[in-house]
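The next block holds one structure in the form of structure tokens; read it before the comments.
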């Protein structure tokens, strides 16, 4: 008889593969929506503000549409198929204040500068998106690291002090 020890320490390591799988589909959808919305507005106007605003709205809808579906499905699976309330709250809480600053200040400014400076609005939108993404993900990484050091994101030390679940009993596999 073989005995397998299954433990549940409550800590989940999230490496680069997790983050890529989680955010890359949203980034692809957001970028596609950014380009389509920006390109669509150029039919009516060549005003950089209108193009940047349309691109911003498209990027937000594309990225958060995919992420909302991802979070909703994760929590539906965790709830064994039952729809889980609060997916929107979890979506907002995932990024916190970094997202509000990005959406209201950094990303609109970067998109507007990109469209204004580039000869082609599509390249300007892409350059602005890239610049805003670099700032956003750097701030987000810093925010996550700060929370982890303080123990507020459920790090191993923080879970012990809040009473981590005990390890499961060994299960016997025939």
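No lab work stands behind these numbers, since they all come straight from the coordinates. Predicted, not measured: the structure shown is a model, and the values here were computed from it. Note that each Cβ is placed from the backbone with ideal geometry, even for glycine, and that neighbours are counted across all protein chains shown.
A few comments on the model shown:
- Spin-label model distance (nm) - residue 135 vs residue 116, 7 Å beyond Cα toward Cβ: 1.2
- Pairwise label distance in nanometres, residue 143 with residue 61, each label 7 Å out on the Cα-Cβ vector: 2.4
- The stretch between residue 73 and residue 49 holds 5.1 nm of extra length on full extension. This uses 0.36 nm per residue minus the Cα-Cα distance.
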